[in-house]
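The values are calculated or read from the model by the stated rules, or taken from the named source; none is laboratory data. Everything quoted here is computed from the prediction, not taken from an experiment. Here the Cβ is made from the backbone with ideal geometry for all residues, glycine too, and neighbour counts use every protein chain on show. Keep in mind that these areas ignore ligands, DNA and RNA; they rest on the heavy atoms of the full protein, side chains included. Shrake-Rupley method; radii C 1.70, N 1.55, O 1.52, S 1.80 Å.
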Amino acid sequence: MILTATTVTDVAVFDGTELLRGRHDVTFDASGITSVIRTGTAPAAGTPVDGTGATLLPGLVDAHVHFRDLEQLSALTRYGVTTALDMSTWPPEFLARLRAADHGADIRSPGAALAGPGGPHAHIPGFPAEDLLATPEQARRRVAARVAHGADYIKVVLEAPGAGGPELETTTAVVDAAHEAGLRVVAHAAATGAVELGVRAGVDILTHAPLDAELDESFVRVVADRVRAVVPTLTMMAGTARNLGNPALSYDHARDTVAALHQAGAVVVAGTDANDAPGVPAAVPHGSSLHDELELLVEAGLTPLEALRSATATAATAFGLDDRGRIAPGLRADVVLVTGDPASDISATRRLRSVWTAGRRLGDVQREAPA
Ligand SMILES: [Zn+2]
């Protein structure tokens, strides 16, 4: 097989963790990234792409999306999101089509989320009733079914105790069964009571940041110690607070919780809850929303560099995606070229010049994501 190499020359490199010192030439092809060397040390291999005035980033990861159609895969990559972590998609035939698509973002999925019989998710039109769970025995059976369908992780929708979600014993059974199968558990926890339940049950990753109250200080430290990562979906929480107009729910709580978690050393991962299903509290567009999320994370106290990590190396590590999220030889050639320096000004991620997925360049992007 002949692989056509590309070298982005004379470019600043954010490697997923740090901004590398000096300018670099980065070479890659469909097999992966092949070299990262200081500019001027060797002639550029393959097709050169001028990186002057630009920064090369690992392809972005959105750690919370949903899908309704295949077009959403290419909307993601147009905005530099090369990996999307689905958080509930059914039926399995549609999921199989998403996985098989040869364009757009590479996805991971839990299949349909598992939810209790009484929470709001049980009333989403078309939500698979056979996935509702009320007992530990049902939890074990549902997790086994997900594993049989090739789930990459398990998603469980938690509510505050007594509010219709799976209770502690059932949630613990989900966690134990998933861990026995070698899978992580991601818990939807949009209320403080649900966060507490998830942490007690031992879930690995929490998603959403509650609007009903800020997590209290001692509990923030517990969360930071016990969970692998938090995916707060500030874009969705801001939209929800705005659209519901319920004075008991405030975006300030979500933002302040993220600030406190970050200060306590919790791992924060970027995710948007991109979603246009009928009846969702806020429609969040695929792709462009990740750039909104990065800005909201910076507003919540992450530095621009930390925000970039949250959508690259940190996201990949939290979900066990060892082949991506960094710019280093041997890794998947998902890379994004942006004008300017997003490590000092996060809004620069919107100034996309080019996106490559697995070494293939998308039609030149040269567009600015809407602010
Ligand atoms: Zn979601």
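Quick check on region 268-294: of everything there that is under 12 Å from the mean Cα position of the chain (by Cα) and in a loop (DSSP other than H, G, I, E, B), which residue is farthest from the ligand (Cβ to nearest atom)?
Of everything passing the filter in region 268-294, GLY287 is farthest from the ligand (Cβ to nearest atom).
Which ones in region 320-334 are within 23 Å of MET236 (Cβ to Cβ) and buried (at least 23 other Cβ atoms within 10 Å of the Cβ)?
If the condition is that a residue be within 23 Å of MET236 (Cβ to Cβ) and buried (at least 23 other Cβ atoms within 10 Å of the Cβ), then GLY325 is the only one that fits.
For region 1-30, how many residues are under 13 Å from ASP334 (Cβ atoms), open to solvent by 50 Å² or more (accessible area, probe 1.4 Å) and among the hydroxyl-bearing types (Ser, Thr, Tyr)?
The qualifying residues number 0.
For the structure I just gave you, tell me whether PRO91 is within 16 Å of the ligand (Cβ to nearest atom), at pLDDT below 95 and more than 30 Å from GLY340 (Cα to Cα).
It is false that PRO91 is within 16 Å of the ligand (Cβ to nearest atom), at pLDDT below 95 and more than 30 Å from GLY340 (Cα to Cα).
Out of curiosity, is LEU337 surrounded by 17 or more Cβ atoms within 10 Å (Cβ to Cβ) and part of a helix (DSSP H, G or I)?
On the way: surrounded by 17 or more Cβ atoms within 10 Å (Cβ to Cβ): yes; part of a helix (DSSP H, G or I): no.
It is false that LEU337 is surrounded by 17 or more Cβ atoms within 10 Å (Cβ to Cβ) and part of a helix (DSSP H, G or I).
Suppose we filter ALA283, ALA270 for residues that are open to solvent by less than 20 Å² (accessible area, probe 1.4 Å), in contact with an Asp or Glu (Cβ under 8 Å, 6 or more places away or on another chain) and under 24 Å from TYR79 (Cβ atoms); which single one remains? Let's see the steps before the verdict.
On the way: ALA283 fails: open to solvent by less than 20 Å² (accessible area, probe 1.4 Å).
That would be ALA270, the only listed residue that is open to solvent by less than 20 Å² (accessible area, probe 1.4 Å), in contact with an Asp or Glu (Cβ under 8 Å, 6 or more places away or on another chain) and under 24 Å from TYR79 (Cβ atoms).
Could you tell me which numbered condition ALA151 fails, if it satisfies all but one of (1) modelled with pLDDT of 95 or more; (2) open to solvent by 30 Å² or more (accessible area, probe 1.4 Å); (3) hydrophobic (A, V, I, L, M, F, W, C)?
Among (1) modelled with pLDDT of 95 or more; (2) open to solvent by 30 Å² or more (accessible area, probe 1.4 Å); (3) hydrophobic (A, V, I, L, M, F, W, C), ALA151 violates only (2).
Which members of region 7-53 meet the condition of being hydroxyl-bearing (Ser, Thr, Tyr) and closer than 19 Å to ARG361 by Cα?
Selection gives THR7, THR9, THR27, SER31, THR34, SER35, THR47, THR52.
Based on this model, can you work out whether THR172 counts as within 14 Å of the ligand (Cβ to nearest atom), polar (S, T, N, Q), assigned by TED's automatic domain parsing to the domain that holds ASP273 and at pLDDT 95 or above?
Considered against the rule, which asks whether it is within 14 Å of the ligand (Cβ to nearest atom), polar (S, T, N, Q), assigned by TED's automatic domain parsing to the domain that holds ASP273 and at pLDDT 95 or above, THR172 comes out as no.
I'm told VAL157 meets every condition in (1) under 13 Å from PRO110 (Cβ atoms); (2) part of a loop (DSSP other than H, G, I, E, B); (3) of a type in the set (A, V, I, L, M); (4) within 16 Å of the ligand (Cβ to nearest atom) except one. Can you identify the failing condition by its number?
That leaves (2) as the condition not met.
Can you tell me which of (1) assigned by TED's automatic domain parsing to the domain that holds LEU183; (2) among the aliphatic types (A, V, I, L, M); (3) in contact (Cβ under 8 Å) with a residue 40 or more places away in the chain is the one LEU352 doesn't meet?
So LEU352 meets the others, but not (1).
Within region 63-73, is there a residue that is closer than 19 Å to LEU331 by Cα, open to solvent by 10 Å² or more (accessible area, probe 1.4 Å), away from the ligand (no atom under 16 Å from the Cβ) and out of contact with any Phe, Trp or Tyr (no Cβ under 6 Å at 6 or more places or on another chain)?
Scanning region 63-73, I find no residue that is closer than 19 Å to LEU331 by Cα, open to solvent by 10 Å² or more (accessible area, probe 1.4 Å), away from the ligand (no atom under 16 Å from the Cβ) and out of contact with any Phe, Trp or Tyr (no Cβ under 6 Å at 6 or more places or on another chain), so the answer is no.
Which count do you get for residues in region 308-319 that are open to solvent by less than 40 Å² (accessible area, probe 1.4 Å), within 17 Å of LEU56 (Cβ to Cβ) and outside any loop (DSSP other than H, G, I, E, B)?
3
Kindly establish whether ALA54 is touching a residue at least 40 places away in the same chain (Cβ under 8 Å), open to solvent by less than 50 Å² (accessible area, probe 1.4 Å) and in the same structural domain as ARG332 (by TED's automatic domain parsing). I'd like the intermediate steps shown before the answer.
Numbers: touching a residue at least 40 places away in the same chain (Cβ under 8 Å): yes; open to solvent by less than 50 Å² (accessible area, probe 1.4 Å): yes; in the same structural domain as ARG332 (by TED's automatic domain parsing): yes.
Judged against the criteria, ALA54 is a match.
Check off (1) in contact with an Asp or Glu (Cβ under 9 Å, 6 or more places away or on another chain); (2) hydrophobic (A, V, I, L, M, F, W, C); (3) open to solvent by 30 Å² or more (accessible area, probe 1.4 Å) for ALA144 and give me the number that stays unchecked.
(1)
Name the pairs: first residue in region 267-278 and closer than 11 Å to LEU85 by Cα, second residue more than 9 Å from the ligand (Cβ to nearest atom) and open to solvent by 10 Å² or more (accessible area, probe 1.4 Å), Cβ to Cβ under 6 Å, at least 6 apart or on different chains?
That search, which allows pairs on different chains as well, returns THR272/THR235; ALA274/HIS286.
I'd like the full set of residues that are in contact with a Leu (Cβ under 7 Å, 6 or more places away or on another chain) and open to solvent by 20 Å² or more (accessible area, probe 1.4 Å), limited to region 340-361.
Residues satisfying the conditions are ALA343, ARG353.
Output the helices (runs of 4 or more DSSP H) that fall wholly within region 189-263 and possess 2 or more residues being within 14 Å of the ligand (Cβ to nearest atom), of a type in the set (S, T, N, Q) and crowded, with 22+ Cβ neighbours inside 10 Å, or say none. Write out each step before concluding.
On the way: elements: 192-201, 217-226, 234-244, 251-263.
It comes to 234-244.
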